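The values are calculated or read from the model by the stated rules, or taken from the named source; none is laboratory data. The structure presented is a predicted model; accordingly, all values stated were derived computationally and were not measured. Backbone-built Cβ (ideal geometry, glycine too); neighbour counts: all protein chains shown. Quick note on the areas: whole protein, heavy atoms, side chains included, nothing else; ligands and nucleic acids left out. Shrake-Rupley method; radii C 1.70, N 1.55, O 1.52, S 1.80 Å.
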Amino acid sequence: MKTTPFFAALLTSSAFAADLDFYKDVYPFLKTNCISCHNKTTTKADLNMETPELMIKGGEAGTALVPGKSAESLVVAASLHTQDLEMPPPNNKSGAVNLTPAEIAILKQWIDQGAKASVQQERAVVLKAFSASVDPIYSVAMTKDGRYAACGRSNQIYLYDLATRQFVAQISDPAEKNGAAHRALVQSLSFSPDGTKLVSGSFREVKIWKLEMGKIDASAAKLVSTPARADLIQKITTAGKVAVLSSAVSADGKQVVTGCADGSVRVWDTTTAKQVIELRGSVAATKKTTELDWIIAAQTLETAFQKSEIARIDAQDKALDVLLGKAKEAIVTMGKVLPEKQKLVPPTTEAKTAAQKAVDELAGKLAAAKDASVERELKTAQDKLITAKMTEVSALAAVSAAESNVKDAEDDVKRITDSKAANAKVVAAANTAIAAAKTTQDKATADLAALKLTLTKTTAKPIAVSFSADAQRVASMFEDGTLRVWAAASGTPIEESAGNVAATTTITAAPDGSFVATKAVTQTVGSTPRWTLERKIDPKGLFADRVNAVRFSPDGKTLATGGGELSRSGDIIIFDVATGKATQTWKEKHTDTVLCLDFSPDGKRLASGAADKIARVTDIASGKQTNLFEGHTHHVMGVAFRSDGRVLATAGADGVVSTWDMIIGERKKKIEGWTKEVTSLQFIGATNQIVTSAGDNRVRIVTDDGGEIRSIANLPEYMQAAVSVPNGSAIIAGGEDSLLRVWDGAGKELVAFGAK
């Protein structure tokens with residue numbers, strides 16, 4: 001039989017059509033135009049339209065759909081703009097538009113078929129190769145000792161040596177193409193406290209990289225240093241007023257390094273014979289200096305806190321003194337009033353007793369014989385009795401009130417006295433803490449001064465010196481056998497080898513019959529760091545989307561990651577670093593994606609900030625929230641604990657940094673002055689100073705009470721991240737222009753690294 005067009009249309013009607021699939025046929029247009037306002041996190045009119053079950057459950061207006069009855073379903077009426085319903089509303093912020101007639105027909109057909117649920121099919125995400133122009137820096141990290149810096153550009157990770165100010169390596173995963181570290185953008189980076197591990201977060205995956213030191217091939221050393229000319233050494237000796245024991249000229253001939261009799265190693269410009277840098281110290285001395293700097297800063301912070309506590313208690317005591325004075329005054333006043341009030345009671349009692357007696361007598365007479373005059377007298381006597389009783393009650397009440405006032409005032413005196421006594425203990429403890437801090441700080445200061453003094457004194461003399469091939473490193477062999485290497489650019493000691501290798505003596509006969517005895521010691525330093533992939537964490541379904549934050553615990557044993565699904569959930573997952581296994585999973589810790597994390601200094605709490613404008617602090621052992629901080633009007637993009645754990649700082653996309661008092665759980669200071677998003681923050685070492693990056697092209701340092709220390713302004717592009725070494729001597733930051741910039745503590749730019 002030939003099928004007519006009319007009959008073909010009938011075959012597609014609801015009576016004959018196959019059942020529609022919710023996620024395939026209905027969900028797409030609902031998601032675009034309805035679910036943006038009716039979902040898990042934005043449930044307008046208390047209606048969630050993400051699943052058939054939730055629509056059947058309905059909202060404030062009742063069930064949104066009736067399975068099998070599209071004509072009775074509110075979702076259809078709203079789409080048709082009937083029953084005084086109009087959804088989506090005109091000029092809505094979500095950009096939702098009215099459903100088309102075809103979409104309404106599909107919606108009605110699906111409801112009439114029973115509004116059946118279906119299984120949402122997973123869609124594979126296919127990541128395309130990045131354009132060469134897409135290379136922003138979203139994340140930066142620095143080792144605690146300030147030696148190495150890492151940044152993520154696009155899907156690649158670059159490592160730099162800040163001591164030599166050189167590019168070191170591009171960290172890559174052999175499984176990825178073109179030397180990439182991840183398939184998608186590198187969203188987050190963090191070094192372990194000991195600097196031996198680097199973790200990176202990207203789309204639905206986390207990778208842990210480990211540091212391996214390459215083996216040294218001593219036989220490959222072919223560069224032989226050339227000593228400086230005698231005339232140049234003479235100029236240096238005269239100009240620098242130092243005795244030169246050894247020298248070597250750089251490969252390009254522009255610089256000469258000398259080992260001097262005063263124990264120093266110095267680099268000079270060969271053209272001008274002017275000193276470029278003096279190299280002293282050792283790796284151990286630098287490490288000890290860093291430790292002492294931290295102690296001094298930490299005790300400064302402790303002293304400032306305890307002094308603020310004393311000032312707070314002092315202000316509280318002054319207020320208590322005022323209250324105590326009033327309480328004592330009340331006792332004195334009531335002490336005078338009370339006797340007077342008590343004197344008034346007996347007469348009122350006597351008057352009441354007399355009035356009662358009169359009433360009783362008249363009542364007896366009236367009972368014996370009815371008499372109108374007696375009855376009138378009794379009524380009058382009864383009125384007088386009532387008045388007498390009220391007078392006595394008033395007198396007794398006045399006495400009771402006076403006694404109560406005295407008692408209250410006496411209680412106030414005790415309470416205030418007890419409070420002042422408790423405050424005195426707090427002040428005493430604070431003064432003890434200040435004294436202890438001063439003792440510790442004075443010792444650290446003295447130790448630091450002594451350490452610096454030893455660096456200026458001659459110990460072992462440098463008997464041989466040399467440049468590296470690129471002149472970025474300077475090596476010196478000392479007479480005690482120690483081989484030491486410095487970064488020429490910064491003067492930082494970077495490697496050394498102890499002098500415990502036995503010397504070999506050889507004797508050579510000269511043609512003239514003389515002999516030359518040579519003693520040589522072979523030592524090697526300068527191993528090349530290599531970063532290799534230790535572990536990839538990407539179990540199916542573990543990470544909902546981008547991993548925006550990664551952070552090692554202070555002991556390096558635990559890793560926290562933050563992410564979630566945009567506008568739906570903010571997830572935090574805790575991992576054991578040794579095994580890579582998740583130990584705790586906090587799904588929906590926030591209502592929107594987590595953007596930043598930081599461990600408390602003791603490692604017991606974790607602070608998190610998210611796109612839901614909230615900062616939370618969670619006890620890691622129990623998983624319970626200990627603090628919730630509201631105050632930002634936009635995403636919380638950075639969180640950081642102060643080194644003593646008493647203050648938490650948060651950075652907001654609202655252009656505000658807030659500091660929070662962790663002792664009382666309240667805001668300490670709202671710091672303003674940014675014109676765009678504050679994208680990251682970090683406390684600098686053991687100080688109250690905070691380094692921030694922002695979209696207003698600035699890297700700014702402020703104190704946690706709002707004072708500005710420094711502002712590095714007029715940067716060319718939106719800055720995404722910044723970090724500092726603990727002593728504040730170096731700051732790095734990166735942003736949209738793909739340059740990793742390095743500044744010294746005064747804000748002077750030392751170098752800007754581009755993609756290599």
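Checking MET87 against (1) closer than 30 Å to ILE208 by Cα; (2) crowded, with 20+ Cβ neighbours inside 10 Å; (3) at pLDDT below 85, which test does it fail?
MET87 satisfies every listed condition except (1).
Taking the condition of being closer than 18 Å to VAL577 by Cα and open to solvent by 20 Å² or more (accessible area, probe 1.4 Å), how many residues in the range 205-216 meet it?
Here is the first cut: in the range 205-216, the ones closer than 18 Å to VAL577 by Cα are 205-212.
Restricting the remaining residues to those that are open to solvent by 20 Å² or more (accessible area, probe 1.4 Å) gives 210-212.
Matching residues across the range 205-216 total 3.
Are there strands (runs of 3 or more DSSP E) fully within the range 653-747 with at least 2 residues that are farther than 27 Å from GLU630 by Cα? List them.
Numbers: elements: 657-661, 666-671, 678-683, 689-694, 699-703, 708-712, 719-724, 730-735, 740-744.
Counting at least 2 such residues, we get 708-712, 730-735, 740-744.
Looking at the range 376-416, which of the residues that are exposed (fewer than 14 other Cβ atoms within 10 Å of the Cβ) and of a type in the set (Lys, Arg) is farthest from the chain's Cα centre (by Cα)?
For the range 376-416, the residue satisfying everything is ARG376.
Pull up the range 183-196, narrow it to residues that are in a strand (DSSP E or B) and among the polar types (S, T, N, Q), then point me to the one that is surrounded by the most Cβ atoms within 10 Å (Cβ to Cβ).
Of the range 183-196, the ones in a strand (DSSP E or B) are 188-191.
Okay, now just the ones that are also among the polar types (S, T, N, Q), so 188, 190.
Details: SER188: 26, SER190: 23.
Restricting to residues being in a strand (DSSP E or B) and among the polar types (S, T, N, Q), the top hit is SER188.
Identify, please: which residue in the range 197-220 is in contact with a Ser or Thr (Cβ under 8 Å, 6 or more places away or on another chain), modelled with pLDDT under 95 and outside any helix (DSSP H, G or I) and is, among those, nearest to THR271 (Cα to Cα)?
Here the answer is ILE216.
Across the range 587-604, what is the total count of residues that are under 15 Å from the mean Cα position of the chain (by Cα) and either in a strand (DSSP E or B) or of a type in the set (D, E, K, R) (or both)?
Final tally of qualifying residues: 8.
Got at least one residue in the range 424-435 being aliphatic (A, V, I, L, M) and not in a helix (DSSP H, G or I)?
Within the range 424-435, none of the residues are aliphatic (A, V, I, L, M) and not in a helix (DSSP H, G or I).
So which pairs qualify, if the first residue must be in the range 169-180 and in contact (Cβ under 8 Å) with a residue 24 or more places away in the chain, the second must be of a type in the set (Asp, Glu), the Cβ gap must be under 7 Å, and the two must be at least 6 apart or on different chains?
That search, which allows pairs on different chains as well, returns ALA180/ASP173.
Which of the residues belonging to the range 445-463 are in contact with a Phe, Trp or Tyr (Cβ under 9 Å, 6 or more places away or on another chain) and not polar (S, T, N, Q)?
Passing the criteria: ALA460, LYS461, PRO462, ILE463.
Looking for whichever is among the small types (Gly, Ala, Ser), more than 16 Å from VAL399 (Cβ to Cβ), part of a helix (DSSP H, G or I) and in contact (Cβ under 8 Å) with a residue 40 or more places away in the chain here; the options are ALA327, ALA311, ALA319, ALA354. Which one fits? Spell out the reasoning first.
Details: ALA311 fails: in contact (Cβ under 8 Å) with a residue 40 or more places away in the chain; ALA319 fails: in contact (Cβ under 8 Å) with a residue 40 or more places away in the chain; ALA354 fails: in contact (Cβ under 8 Å) with a residue 40 or more places away in the chain.
Exactly one of ALA327, ALA311, ALA319, ALA354 is among the small types (Gly, Ala, Ser), more than 16 Å from VAL399 (Cβ to Cβ), part of a helix (DSSP H, G or I) and in contact (Cβ under 8 Å) with a residue 40 or more places away in the chain, namely ALA327.
For residues in the range 592-625 being open to solvent by 40 Å² or more (accessible area, probe 1.4 Å) and of a type in the set (Asp, Glu), which is farthest from GLY707 (Cα to Cα)?
Among those residues, the one meeting the criterion is ASP619.
Can you confirm whether ILE664 is surrounded by fewer than 23 Cβ atoms within 10 Å (Cβ to Cβ) and within 16 Å of PRO554 (Cβ to Cβ)?
So ILE664 does not fit the description; no.
Within 21 Å of PRO52 (Cα to Cα), surrounded by 13 or more Cβ atoms within 10 Å (Cβ to Cβ) and touching a residue at least 12 places away in the same chain (Cβ under 8 Å), is that true of LEU99?
Considered against the rule, which asks whether it is within 21 Å of PRO52 (Cα to Cα), surrounded by 13 or more Cβ atoms within 10 Å (Cβ to Cβ) and touching a residue at least 12 places away in the same chain (Cβ under 8 Å), LEU99 comes out as yes.
If a residue has to be within 11 Å of ASP704 (Cβ to Cβ) and either open to solvent by 30 Å² or more (accessible area, probe 1.4 Å) or in a loop (DSSP other than H, G, I, E, B) (or both) to count, how many in the range 626-642 make the cut?
1
State which residue pairs qualify: first residue on the phi > 0 side of the Ramachandran plot and inside the range 185-202, second residue assigned to a loop (DSSP other than H, G, I, E, B) and modelled with pLDDT of 95 or more in any location, beta carbons under 6 Å apart, and separation of 6 or more residues or different chains.
Listed pairs, sorted by first residue: GLY195/THR143.
Would you call THR353 β-branched (Val, Ile, Thr) and surrounded by 14 or more Cβ atoms within 10 Å (Cβ to Cβ)?
So THR353 fails the test.
Exactly one of (1) under 16 Å from ALA284 (Cβ atoms); (2) at pLDDT 90 or above; (3) in contact with a strand residue (DSSP E or B) (Cβ under 9 Å, 6 or more places away or on another chain) is unmet by LEU448. Its number?
For LEU448, the failing item is (3).
If we scan the range 697-706, do we find a residue that is surrounded by fewer than 20 Cβ atoms within 10 Å (Cβ to Cβ) and touching a Leu at 6+ places or on another chain (Cβ under 9 Å)?
Taking every residue of the range 697-706 in turn, at least one turns out to be surrounded by fewer than 20 Cβ atoms within 10 Å (Cβ to Cβ) and touching a Leu at 6+ places or on another chain (Cβ under 9 Å).
Pairs only if they're at least six apart or on different chains, beta carbon under 9 angstrom, first in the range 111-132 and under 30 Å from ASP737 (Cα atoms), second modelled with pLDDT of 75 or more and charged (D, E, K, R); list them, first residue then second.
Partner pairs satisfying both residue conditions: VAL125/ARG204; LEU127/ARG183; ALA129/LYS177.
Quickly run through the range 368-410 and pick out the residues that are hydroxyl-bearing (Ser, Thr, Tyr) and either within 12 Å of LYS352 (Cα to Cα) or in contact with an Asp or Glu (Cβ under 9 Å, 6 or more places away or on another chain) (or both).
THR387, THR391
Suppose we filter the range 241-275 for residues that are crowded, with 18+ Cβ neighbours inside 10 Å and free of Cβ contacts under 8 Å to residues at least 24 places away in the same chain; how many remain?
Counting residues in the range 241-275 that are crowded, with 18+ Cβ neighbours inside 10 Å and free of Cβ contacts under 8 Å to residues at least 24 places away in the same chain gives 1.
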